[in-house]
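The values are calculated or read from the model by the stated rules, or taken from the named source; none is laboratory data. These figures come from a predicted structure and were not determined experimentally. Positions of Cβ are backbone-derived with ideal geometry, glycine not excepted, and every protein chain shown enters the neighbour counts. Note: areas computed on protein heavy atoms with side chains; ligands, DNA, RNA excluded. Shrake-Rupley method; radii C 1.70, N 1.55, O 1.52, S 1.80 Å.
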Amino acid sequence: MSKNVLILAEHDDQSLKAASLSAFGLGYRISVECEGTFQILVLGNNVGDVASEASGLAPTLVADSPKLEQPIADVHAKVIAQVIEKNQFDTIIAASSTYSKDVLSRACGIVGGAMASDVIGCEVKDGDLILERPLYAGSVTAKCRLLSDPKFLTVRASAFEPAEGVEAGTSTVEVDEASLPDRVEYHGVETKASARPDLTEAKIVVSGGRAFKTTEDFEGHVGALADALEAAAGSSRALVDAGITPNELQVGQTGKVVAPELYIALGLSGAVQHLAGMKNSKVIVAINKDAEAPIFEVSDYGIVGDVYKLVPELLDKVKATQT
Amino acid sequence: MKILVPTKRVPDTDQKIKVSSDGTGVQTNTLPFIINPFDAIALEEALRIQEGASDEVEVITVGIGNDEYEKELRAGLAMGADRAIHVSTDELLDPWNVSKVLKVIVEKEAPDLVLMGKQAVDDDSNQAGQFLAAQLDWPQATFISKIELADSKANVERETDLGIEKLSLNLPAVITADLRLNEPRYASLPNIMKAKKKPIDSIPLTDLGIEIEPKIEIISVEAPSSIRSCKKVETVDELLTLLRDEAKVL
Amino acid sequence: MTSADQSPVRGADVIIIGGGVAGLSTAWQLKKRGLSVLVIERQQLGNGSSGRAAGLLGQLRGTKAATKMLMDGLQVVYDLEKQTGLEIFVQTGSIRIAETEERSQEIRRLVDMGRSIRFPIVDLEIDKLQERLPYMKVDDIIDACFCPTDGHIQPAELVQAYVKAGRAEGVQYITNCRVEKILVEGGKGVGVQTAQGEFRADFIVNSTGPWSYYLADLSGTSLPTAAIGHYYLTTRPTDKVHVGKRSPAVRNRHHRIYSRPESGGLIVGMYEAEPDEYNIEDLPHDFDMSLMKAARDNYNVALLIHQAQQRFPWINERTPMTITSGIMTFTPDGKPFCGKLPDVEGLYHCAGFSGHGIVQSPAIGTIMSDLITRGETEYNISEIEADRYFELPELRDRVEVKARCADMYGRYYGQIEGQSS
């Protein structure tokens, strides 16, 4: 059964976001496997450059209008829904982001489609999409299928590879500016003071314990690794008590309970009230010079060694793979 | 003013979650159930709006589920909600059908604001609020970390990938709450007492005249083994390789 | 610590079931006397009540025997601190306050008792109280006394210290291994059956806290303990209220609450009149106490907040705080069962610490190892003998035991101490 796939691209007005390339990769492969078509949709104002880049991958629909300058769901979703209905797309894919969750979900609601969020795996089976996605705060993974068309997917970029696509052209989407709602005013966006994600929502948490004697030590090791991994930083109670870290960083029974995909415990012994706050993390790594530290009992991987030697090395190697 | 707070009853995901024996779901019979944390945050915010308003604000919670749901609805009343609506059904509804039910309730109650959690921690879809807004053709603001109502508008701050986004939207609107919006209260003793007398209006789902159309089917559920045995390695290189290739978390 | 499959040990002189402070302390003491010791713990060491405890140490108890145990225990803690380098005991001193004549007399009796055994205890001037505890309401207090050598034991550090000291002596620990039952042959405990096979020993110690009666039942004997719920709140430090590390612990029996400093905030716990109760037999085998959470509208939590507010007016249901929910092991008279029962040789029970396990554990370890190695101890253990209810048939009835234990819990702060009823 052939599929007409639309990939909703995200951009920064100059170029496509890397995550969208992964979403495209999936869309392209689904369409090829189902012998269907694939197109990219770019929305915004003065998005010529982005459209041009996208057209290097696929036929690109361009909705270019001052009314689309700001990412207002009320407006964008309406245009996206119109594009879907006009072109009869049956599969719409975007990278999982605050934009796509906000906008694409609304578009799905407008057309009455079926949606799966945060997809981490996709298999085409007898013309059907078998989707894998996390449930219960990521403790389990489910295989599921959407039961009607059009199907909407937001996908985790890290789970899918980009694809080369084909060189194609662009076509203009007529934006009926007069019909667009005007109920939401945009007052700008401020980059956050702390770049670090919230402890309880971060995918990766890097935590430090008693091995760190000063705030500088903590920030230089735990903080630095957290930043390199775009992770949240956490701490044991001992450091909070000693005034080395603020109370908000405490992970544990009387602090925060976290269950990220990856919890890295550095120089942290794993006292029982700390374990209570992180033992359900999906993957736990510990680095501690005491081979019998209780943290190893709840860890999946560990190194028995000195954090002051190992963390700088870990930091360098993580940074190296990012460049 | 009327604020509607849809709430979902979910298992406490801070507990150990295990796959059911038939592999199609999770074992819930030994799990404690709670108000979805994001919905508790939404309810808390509604209560704060009520406390800070010069005019009267009515806070109504809505729950869709079986009879066991009364417990969590009563907890919402004990936090301070004025009344609760229980749409009773044994069926587990997906976000699309939840939004269809909520649409009927909204049309009945005509609230000025629907304030709900951004997602439920059992299915983590982050869709129901947006579906509802679309079906009502109301403006929406998702993942808010701040809200202030003034002159029939909601001024909000949203947590986005780019930073804190500021929006003003006309009411009525559908707004979904993110983690940093507030820290929900516990029920006070006087409010637990008062809650016993507050009404929970129970309506059978079948009375709403909605056609339930499932949009998603779960085929199977898997969880990683709960028995951890620590693989100790000697070098950073070995660790990174394992985290990348085996655990696939980096 | 190893899993059962990797353990080279399939037995020892003594098997200790339950890796909480009671079992860990006993294990360490026994190993020091030369016996081989194996601790088998269902989850992680200290994961149960020990990990949830508030750890307040008020050495002056109703009897001299009890007071001596606590004072000796503190000396053991000091030794552990030296040996392990951990800070276990935080000496904040403790204050008792009274708002009524009855409670004032309760304090007077305590002061007299303390002075008679030369325990450091002083009267406190009411008008100096506010200075000492700026975050506490003091205007309704009519009497107060101060014990400067009291404080609290940090439970996680105590667990860590017992394990470190135990390991240094050669105690073996197996974790993530559930004991399914105690094997009794010919009226003698000979070993345990676990999820990972059998282990044999000459002596078995049942130090499983809330699971103690359940394990006793499964092993063909009976122990009248019960699993009683307890809650305390821990506030987060704010600009308005920051509690100093050495701020004294407070016991406010009239309001049924106690408090102590914790990480810049305040722990306030309550011994309510009608506690929540748990049936261990209904809990799943992998029930994890460290993940327990109270429902947002739990009545006893609301009561705790309400009572805390009576003494600390800035606390209410919206104060930034965490609620710790846990299970204590209570007995009909609030005192533990330490020793053998007449029906099974070689099986020693060590459970039922009724909210005082952390602080009693150091001395209990010595007492248990005395009993196991010599059959007797210098301590006066008449109040804590394991068989003191053995002859009473009504205390083999679970419903009766639960009711009496819950009642005892309620009377903890509820009754006026030292008053003839």
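Looking at this structure, is residue C:315 of a type outside the set (Lys, Arg) and either more than 19 Å from residue C:408 (Cβ to Cβ) or within 12 Å of another protein chain (Cβ to nearest Cβ) (or both)? Taking the combined requirement at face value, the residue satisfies it. Starting from the range A:308-320, keep only residues that are within 10 Å of chain B (Cβ to nearest Cβ), then list their pairs with residues that are open to solvent by 60 Å² or more (accessible area, probe 1.4 Å) whose Cβ atoms are within a distance under 9 Å, requiring at least 6 positions of separation or different chains. So the pair list comes out as A:313/B:237; A:317/B:237; A:318/B:250. Taken over the range B:43-59, the criterion of being part of a strand (DSSP E or B) and over 15 Å from residue B:175 (Cα atoms) is satisfied by B:58 alone.
Mind checking which residues of the range B:121-139 are more than 20 Å from residue A:133 (Cα to Cα) and of a type in the set (A, V, I, L, M, F, W, C)? Result: B:132, B:133, B:134, B:136, B:138.
There is at least one residue in the range C:36-48 that is more than 14 Å from chain A (Cβ to nearest Cβ), touching a residue at least 60 places away in the same chain (Cβ under 8 Å) and open to solvent by 10 Å² or more (accessible area, probe 1.4 Å). Listed residues B:99, B:88, B:54; which is of a type outside the set (D, E, K, R) and touching a Pro at 6+ places or on another chain (Cβ under 6 Å)? Of B:99, B:88, B:54, the one residue that is of a type outside the set (D, E, K, R) and touching a Pro at 6+ places or on another chain (Cβ under 6 Å) is B:88. Each residue in the range A:87-99 was checked for being at the interface with chain B (Cβ under 10 Å from one of its Cβ atoms) and touching a residue at least 24 places away in the same chain (Cβ under 8 Å), and 3 of them qualify.
Quick grid of which residues meet (1) touching a helix residue (DSSP H, G or I) at 6+ places or on another chain (Cβ under 7 Å); (2) open to solvent by 10 Å² or more (accessible area, probe 1.4 Å); (3) closer than 26 Å to residue A:71 by Cβ:
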position	(1), (2), (3)
A:106	yes, no, yes
A:126	no, yes, no
A:130	no, yes, no
A:139	no, yes, no
A:146	no, no, yes
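Within the range A:131-145, which residues are within 7 Å of chain B (Cβ to nearest Cβ) and either under 13 Å from residue B:95 (Cβ atoms) or assigned to a strand (DSSP E or B) (or both)? Within the range A:131-145, A:134, A:135, A:140, A:141, A:142, A:143, A:144, A:145 meet the criteria.
For the range C:153-206, give me each residue that is small (Gly, Ala, Ser) and within 14 Å of chain A (Cβ to nearest Cβ).
C:156, C:161, C:165, C:166, C:168, C:170
Looking only at the range A:163-188, count every residue that is within 24 Å of the chain's Cα centre (by Cα) and either at pLDDT below 90 or crowded, with 18+ Cβ neighbours inside 10 Å (or both) and tell me the total. Final tally of qualifying residues: 2.
More than 10 Å from chain A (Cβ to nearest Cβ) and closer than 30 Å to residue A:299 by Cβ: does that describe residue B:206? Here the answer is no, as residue B:206 does not meet what is asked.
Of the candidates A:129, A:146, the single residue that is over 30 Å from residue B:31 (Cα atoms) and touching a Leu at 6+ places or on another chain (Cβ under 8 Å) is A:129. Taking strands (runs of 3 or more DSSP E) as the structural unit, no element lying wholly within the range B:69-180 holds at least 2 residues that are open to solvent by less than 30 Å² (accessible area, probe 1.4 Å), acidic (Asp, Glu) and at pLDDT 95 or above. Given the criteria within 12 Å of chain A (Cβ to nearest Cβ) and either open to solvent by 70 Å² or more (accessible area, probe 1.4 Å) or at pLDDT 95 or above (or both), does residue B:215 qualify? The answer is yes for residue B:215. Taking residue C:377 and the conditions (1) outside any helix (DSSP H, G or I); (2) touching a Lys or Arg at 6+ places or on another chain (Cβ under 9 Å), which numbered condition does it fall short on, given that it satisfies the others? Tallying (1) outside any helix (DSSP H, G or I); (2) touching a Lys or Arg at 6+ places or on another chain (Cβ under 9 Å), residue C:377 fails exactly one: (2). Looking at the range C:186-198, can you tell me whether even one residue there is closer than 30 Å to residue C:284 by Cβ, without any contact (Cβ under 8 Å) to a residue 40 or more places away in the chain and surrounded by 15 or more Cβ atoms within 10 Å (Cβ to Cβ)? Yes, that holds for at least one residue.
When the residues of the range C:302-317 are narrowed to those that are part of a helix (DSSP H, G or I) and among the aliphatic types (A, V, I, L, M), which ends up most open to solvent (accessible area, probe 1.4 Å)? Among them, the one singled out is C:303. Kindly evaluate residue C:216 against the criterion of being more than 14 Å from every other protein chain (Cβ to nearest Cβ), open to solvent by less than 10 Å² (accessible area, probe 1.4 Å), within 17 Å of the chain's Cα centre (by Cα) and in contact (Cβ under 8 Å) with a residue 40 or more places away in the chain. The answer is no for residue C:216. Restricting attention to the range B:14-55, the residues that are closer than 23 Å to residue B:102 by Cβ, polar (S, T, N, Q) and open to solvent by 20 Å² or more (accessible area, probe 1.4 Å) add up to 1.
Counting only strands (runs of 3 or more DSSP E) that fall entirely inside the range C:62-181 and contain at least 1 residues that are of a type in the set (Gly, Ala, Ser) and open to solvent by less than 20 Å² (accessible area, probe 1.4 Å), the qualifying elements are C:94-98, C:143-147, C:151-153. Residue selection: residue A:79 fails the criterion of being of a type in the set (A, V, I, L, M) and either open to solvent by 30 Å² or more (accessible area, probe 1.4 Å) or modelled with pLDDT under 95 (or both). Taking the criterion of being in contact with a Gly (Cβ under 7 Å, 6 or more places away or on another chain) and closer than 30 Å to residue C:162 by Cβ, the residues of the range C:94-130 that qualify are C:94, C:121. Restricting the range A:150-169 to residues that are touching a Gly at 6+ places or on another chain (Cβ under 7 Å) and of a type outside the set (A, V, I, L, M, F, W, C) leaves a set whose member that is farthest from the other protein chains (Cβ to nearest Cβ) is A:167.
From the list B:236, B:249, the one residue that fits, being of a type outside the set (D, E, K, R), facing another protein chain (nearest Cβ under 7 Å), closer than 30 Å to residue A:293 by Cα and out of contact with any strand residue (DSSP E or B) (no Cβ under 6 Å at 6 or more places or on another chain), is B:236. Inspection of the range A:104-118 identifies at least one residue that is part of a strand (DSSP E or B) and either over 21 Å from residue A:2 (Cα atoms) or more than 7 Å from chain B (Cβ to nearest Cβ) (or both). Restricting to the range B:10-52, and then to whatever is within 14 Å of chain A (Cβ to nearest Cβ) and among the basic types (Lys, Arg), can you tell me which residue is farthest from residue B:177 (Cα to Cα)? Here the answer is B:18.
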